[in-house]
Amino acid sequence: MSTKNTKKDIEALMPEKVYNITGKKKMILSIVIGVVIALIVGLIIRGVNIAIEFKGGTMMTYTYSGDVDTAEVEKAVKEIVDTSVNVRKGESISTGDKQITISFSTKEGFTGDRQSELTNKLQEKFPNNEIELFDSNDVNPSTGREFFIKCLVAIAFAALIVIIYIAIRFRRIGGWSAGVCSIFALCHDLLVAITINILFGFEFNSNTVAVLLTILGYSINNTIVIYDRIRENRKLMPKASLNELINVSCTQSLTRSIRTSITTIGTMLVVTIVVMVTGYDSLLSFSVPLMMGLISGTFSSLFVAPVTWSWWMNKRAAKGKASK
């Protein structure tokens, strides 16, 4: 193939308009800082609502008839246990009976006498709803903590593997720095999911852990696709600067990333709407943070990771020139 034809092929691959993505450092930094500020504000105002599976406590399930106001149930239970209470409605899978699940943190468990006291209190409060105790369990926090620690170890191990993988696969374009920047982008995505969880007052439970692990895989995959495009364009444009490669590569990947994300995010949006309509609010702690995390994953793959990498490499180049 002649050099002339090669140039034509390269020009054919180039988008009509190349967006100056690396020139948006301040905007991207502002968004990242905004997420951190929102997280801090959420922690101060709302705190972290940790599920009893992680901190230990008691979970009691009652069957009932008619309609019961969860706010009134929560008020009645607080008079007995004197601690924060979580009340959820549901149905028994086996019998179809209406159920209400009450969970609250306890250090020494909940004795049979206090269970009877609580049951009597609810029956007096709702005499026409035929409230009966269906099940009662004391949750040991050690099991939840072990699970949470294992998840943190899994995330840390996955991050290390990703850095090593990117360092080897993209070694010709600065692999180690690219790997570290991809983890920075991933941390941004996880922070978004955690921030949404806190601001909406969702419980930090096994759903949250599943969301974080899902976002981890999604975000890393998107970032590697962008890096792969940069590596391919390096062969086609050997004289181009890193900023030019990033701008071209991200512009080329923009449409594909948005289309893929819309499909996935749209699915989670449908799930969220269905959950809200049917009243299974417990699933919102999965669908809403995951949806926002997927949006963040698309943004970080196209902007945070490559732009942070560009800033790092340019700083390194500037220091190298200054030392000479």
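The values are calculated or read from the model by the stated rules, or taken from the named source; none is laboratory data. From a predicted model like this one, the values you see are computed outputs, not experimental measurements. We place every Cβ from the backbone using ideal geometry, glycine too, and count neighbours over all the protein chains shown. Side chains included, ligands, DNA and RNA excluded: accessible areas come from the protein's heavy atoms. Shrake-Rupley method; radii C 1.70, N 1.55, O 1.52, S 1.80 Å.
Miscellaneous remarks
- Protection proxy ranking of 181-193, 299-311, 260-272 - average other beta-carbon atoms within 10 Å, highest first: 299-311, 181-193, 260-272
- Computed helical MRE - 222 nm, the chain, DSSP H runs ≥ 4 contributing -39500 (n - 2.57), nearest 500: -23500 deg cm²/dmol
- Surface exposure of the stretch 202-242, expressed per residue as accessible area with a 1.4 Å probe, stands at 42 Å².
- Built amide H within the under 5 Å cut-off of T106, gap 5+: G57, T58
- Carbon and sulfur %, accessible surface of the chain computed with the full protein complex present, 1.4 Å: 60
- Accessible surface area normalised per residue over the stretch 125-182 is 65 Å², counting heavy atoms of protein chains with a 1.4 Å rolling probe.
- Per-residue SASA entry for M313, accessible area with 1.4 Å probe, Å² rounded to 10: 40
- Scoring 287-295, 94-102 by mean Cβ neighbours within 10 Å over their residues and listing the highest first yields 287-295, 94-102.
- Alpha carbon centroid spacing (whole Å) that separates the stretch 70-111 from the stretch 215-265: 48
- In the list [x] 22.2; [y] 14.1; [z] 17.9, the label attached to mean projected area of the Cα convex hull in nm² as derived from the coordinates here is [x].
- Mean Cβ count within 10 Å, highest first, over the residues of peptides 195-204, 218-227, 66-75: 218-227, 195-204, 66-75
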